[in-house]
Amino acid sequence: MIVVVMGVTGAGKTTVGRLLAERLGGVFLDADDFHPAENVEKMRAGRPLTDDDRWPWLARLNEVLAVRARRGESVVLACSALKRSYREALARDVAGLRIVYLRGTRELLADRLAARKGHYMNPALLDSQLETLEEPADALVASVDATPELIVDQILARL
């Protein structure tokens, strides 16, 4: 099973993704770990990434997912995947890929970002991410106003 846990910054993609992978007996991957240094520096400085910044990154992520899917591995990828075209790029040649969308209010997400320490993503990017977000019509949607354990329980019950 290949699952992409998506949403804007502060939604809990990494926390939920790690726990989901553990419960599925699969591998957890964080898309942030695949960004080139230039992308990380842009985000750290509070500058939104462009599509030109994202396409090579998305292609690399797709390559990783496709290889693991062919091997029959279970993978959970935490990735913003804000636009439909990004999700399509991730899913190319990855049979059975499932999307889990972590949805939260702007206020809740902003509060989480204000409390977060040690992450390079500048909290000022929340609004640009919300503006970019194209909510998926075909995803399993989970509200982020519960504990990570409860969110994962809800996801597992619906996968």
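The values are calculated or read from the model by the stated rules, or taken from the named source; none is laboratory data. Note that the structure is predicted; figures quoted are calculated from it, not measured. When we count neighbours, we look across all protein chains shown, and the Cβ atoms used for this are built from the backbone with ideal geometry, even at glycine.
Assorted remarks:
- The stretch 102-131, subset within 17 Å of Ser143 (Cα to Cα) and among the small types (Gly, Ala, Ser), residue modelled with the lowest pLDDT: Ala110
- Cross-chain or 6+ apart pairs with Cβ under 6 Å, the stretch 136-159 first and under 20 Å from Val8 (Cβ atoms), then loosely packed, with under 12 Cβ neighbours inside 10 Å: Leu140/Arg158
- All positions within the stretch 2-28 that are hydrophobic (A, V, I, L, M, F, W, C), in a helix (DSSP H, G or I) and over 23 Å from Leu130 (Cα atoms): Leu19, Leu20, Ala21, Leu24
- Residue in the stretch 132-149 that is modelled with the lowest pLDDT, counting only those that are exposed (fewer than 13 other Cβ atoms within 10 Å of the Cβ) and under 19 Å from Ser85 (Cβ atoms): Asp138
- Some residue of the stretch 69-87 being out of contact with any helix residue (DSSP H, G or I) (no Cβ under 9 Å at 6 or more places or on another chain) and either of a type in the set (Phe, Trp, Tyr) or under 19 Å from Ile151 (Cα atoms) (or both): no
- Selected residue [modelled with pLDDT under 95 and aliphatic (A, V, I, L, M)] from Val3, Val27, Val16, Val8: Val8
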